[in-house]
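Undergrad: To start, I am sharing the structure in question, which I have written as structure tokens.
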Amino acid sequence: MAMGGNHPMNPTDGNYRGCSLPLEYLSLFEALGCFLGIRGIVHSPLVVDVDESRGRSRVSLSDEAVHALRELFAESCAQGAPGMGKREIESYLQKCGIDSVNLPTQKIEDIMAKYPTTGGNYLSLDGFLAYYQDTVQTNEMRVRLDLHTHGFRPDLTRRPVETRILAVPGRTRLLTSVESVAMDVARSSTQPVPSLGKLADMGLDAFTLYTTAYSASEAVAEYILSAAVLGRKTDTLLINTLKTIYTAPTGWVGNEILNAAIMVLRCMASVPDSRQRDRINLIMQCNEPPAPQVEYGIGLLVASKAFHGVRHSHNYPNDVSYAYDRYVGILKELLALQGVYVWMNENQALWTWMERDLLGSHQHPSSNHGQVRVDYNVRMEGEIPGVPLDDHAHSDSEGMPDIHGSEDDDDDESRYEDMDTFGRGPSKILVEGAGNPAVNGIYVRDGIFEDASKYSRHGEYAGKACNFSVFQCNVSNNTKHWYISIVPAGVSPGTRDDTDFYSAPVTETCTSFPPLSGWTKSNEGHDPPPTLSFKDDQEAGQLTGPGWDENHEGPHQNDRNTYV
């Protein structure tokens with residue numbers, strides 16, 4: 001679609017709400033923010049009227065907006081480049097919340113054609129400012145959200161770099177906007193917000209307050225909530241928010257309420273004070289029922305497990321499945337937060353039953369393996385899933401597939417080497433000692449899946465004949481896991497249709513054949529986890545012990561004796 005007039009580069013039909021800005025409420029929330037002592041809460045204007053000759057005036061970006069956008073432009077250009085190339089524009093839009101699926105190439109071409117460039121290949125600073133001058137006249141909320149995402153307060157001053165960037169071993173990561181806001185408020189407040197009176201305190205615990213604030217300005221809502229939460233006991237607000245999630249209407253009708261509720265949970269989980277862990281624990285495990293006749297609680301994990309149990313019955317209603325998917329979606333949103341990430345790592349036993357649904361991501365269109373699994377455990381402790389700090393410095397060629405990486409381009413020699421590697425491996429595996437005895441038995445190699453040997457055996461589970469498989473599966477963060485699962489007939493392994501019993505991470509010692517130890521229970525597994533041993537037909541029933549090294553021609557004992 002050609003860009004003309006004031007057509008915005010990232011319109012509201014991307015990933016953002018398109019509601020109008022209720023200025024009458026915004027002024028009230030700014031005043032509340034001032035009472036709470038929040039720095040930079042009052043909005044600075046993005047545009048001003050500039051007088052021209054003959055009494056005419058035109059709209060121009062304010063000095064504060066120009067200063068902020070100049071800083072943003074400089075950060076978005078590749079090192080040494082005279083402007084933003086097509087790749088940098090795409091990266092910038094993705095940081096603003098427009099994913100690549102909703103970002104057609106033609107839109108970037110239109111930007112380059114409409115706005116001033118340097119040499120025709122780079123969007124210039126004048127072009128960047130001109131784009132935002134157009135956009136602010138049609139969608140001011142869109143511009144303010146972009147600035148908020150990149151660390152600017154409502155008054156267009158910028159939050160300190162230490163509140164926007166998290167240092168982890170060997171790298172840096174951008175914090176999410178809500179985490180940055182929470183840290184900004186915490187750094188500028190040496191003590192909890194003083195009481196504004198009983199009625200005011202009751203109002204700060206009302207979910208409706210933040211729903212209205214969210215509709216007026218997402219940034220202002222996050223600032224006010226962070227200040228209201230810091231150092232205070234806020235169980236009432238948290239419980240009311242969880243009840244709202246349970247009772248929110250299905251479909252698009254409840255979307256605005258759910259978005260506000262998610263904002264509240266994300267903010268409350270991000271405020272770095274002595275009560276942060278308690279809040280996250282209540283978010284996940286609150287056992288207060290949503291209604292007198294309901295027997296389970298409203299904590300995200302508690303409610304998810306209740307709906308999960310019902311949806312796996314033979315005749316569950318569609319709204320039960322929708323409710324479960326709603327909770328899974330909310331949990332996925334919270335997983336991007338540092339505090340929640342740490343809590344989930346410390347409490348893995350509470351959510352292993354939903355690992356497939358919670359950590360799964362949609363498959364790539366070119367994949368035929370169903371839903372790709374996501375491995376949560378192998379991430380570096382303390383790392384926040386997000387955009388790297390130095391993402392803007394990527395070259396146009398970075399991230400493209402390796403020219404020699406395709407399986408179709410492998411030469412004949414490498415193919416023969418792969419065949420020889422698998423040919424030397426064990427033809428059978430003995431699985432034994434599992435707490436769920438259904439998986440125990442001898443598995444026979446029946447092919448290659450995800451560039452690793454796959455083993456299967458026929459058995460019975462829950463009174464029905466089935467096919468058990470031991471296979472390796474790709475996960476979304478470019479790592480892999482081994483699984484012992486029931487794979488439905490006619491379906492490739494690695495989809496949500498599998499019934500998982502046990503899993504183990506892939507390490508350098510078990511890339512082609514499964515590990516002999518280091519397994520942990522999954523959805524249907526029970527402790528103790530199994531141990532494996534290899535059996536080769538050529539060795540007349542000799543079983544190998546732990547420590548198989550696939551790079552050798554036979555069993556090999558390594559120093560670790562595990563694959564963890």
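Undergrad: Any residue at all in the range 90-111 that is among the hydrophobic types (A, V, I, L, M, F, W, C), touching a Cys at 6+ places or on another chain (Cβ under 8 Å) and surrounded by 18 or more Cβ atoms within 10 Å (Cβ to Cβ)?
TA: Looking through the range 90-111, none of the residues is among the hydrophobic types (A, V, I, L, M, F, W, C), touching a Cys at 6+ places or on another chain (Cβ under 8 Å) and surrounded by 18 or more Cβ atoms within 10 Å (Cβ to Cβ).
Undergrad: Only one of (1) surrounded by fewer than 13 Cβ atoms within 10 Å (Cβ to Cβ); (2) within 26 Å of Ser27 (Cα to Cα) is not met by Ala65, so which one is it?
TA: For Ala65, the exception is condition (1).
Undergrad: With respect to Gly127, is the statement that it is assigned to a loop (DSSP other than H, G, I, E, B) and free of Cβ contacts under 8 Å to residues at least 60 places away in the same chain true?
TA: Numbers: assigned to a loop (DSSP other than H, G, I, E, B): no; free of Cβ contacts under 8 Å to residues at least 60 places away in the same chain: yes.
It is false that Gly127 is assigned to a loop (DSSP other than H, G, I, E, B) and free of Cβ contacts under 8 Å to residues at least 60 places away in the same chain.
Undergrad: Taking the residues in the range 235-274 that are over 24 Å from the mean Cα position of the chain (by Cα) and farther than 25 Å from Val328 by Cβ as candidates, determine which candidate is surrounded by the fewest Cβ atoms within 10 Å (Cβ to Cβ).
TA: Among those residues, the one meeting the criterion is Ser274.
Undergrad: Of all residues in the range 278-317 being modelled with pLDDT under 95 and basic (Lys, Arg), which is farthest from the chain's Cα centre (by Cα)?
TA: Filtering the range 278-317 for residues that are modelled with pLDDT under 95 and basic (Lys, Arg), the one farthest from the chain's Cα centre (by Cα) comes out as Arg311.
Undergrad: Still on this structure: Report, by residue number, each residue of the range 26-53 that is assigned to a strand (DSSP E or B) and either touching a helix residue (DSSP H, G or I) at 6+ places or on another chain (Cβ under 6 Å) or free of Cβ contacts under 8 Å to residues at least 12 places away in the same chain (or both).
TA: We begin by selecting, within the range 26-53, every residue assigned to a strand (DSSP E or B); these are 47-51.
Val47, Asp49, Val50, Asp51 - these are the residues of the range 26-53 that are assigned to a strand (DSSP E or B) and either touching a helix residue (DSSP H, G or I) at 6+ places or on another chain (Cβ under 6 Å) or free of Cβ contacts under 8 Å to residues at least 12 places away in the same chain (or both).
Undergrad: Can you name every residue in the range 469-524 that is in a strand (DSSP E or B), open to solvent by 30 Å² or more (accessible area, probe 1.4 Å) and under 18 Å from Asp451 (Cβ atoms)? Show your work before the answer.
TA: In the first step, residues of the range 469-524 are kept if they are in a strand (DSSP E or B); the result is 469-475, 480-486, 499-505, 520-521.
From what's left, open to solvent by 30 Å² or more (accessible area, probe 1.4 Å): 474, 480, 499, 505, 520-521.
Those that are in a strand (DSSP E or B), open to solvent by 30 Å² or more (accessible area, probe 1.4 Å) and under 18 Å from Asp451 (Cβ atoms): Asn474, Lys480, Pro505.
Undergrad: Any residue at all in the range 337-349 that's outside any helix (DSSP H, G or I), at pLDDT 85 or above and buried (at least 16 other Cβ atoms within 10 Å of the Cβ)?
TA: There is at least one residue in the range 337-349 that is outside any helix (DSSP H, G or I), at pLDDT 85 or above and buried (at least 16 other Cβ atoms within 10 Å of the Cβ).
The values are calculated or read from the model by the stated rules, or taken from the named source; none is laboratory data. Here the structure is a predicted model, which is why all the values come from computation and not from measurement. All Cβ positions, even for glycine, are placed from backbone atoms using ideal geometry, and neighbour counts span all protein chains on display. Accessible surface areas use protein heavy atoms only, side chains included; no ligands, DNA or RNA. Shrake-Rupley method; radii C 1.70, N 1.55, O 1.52, S 1.80 Å.
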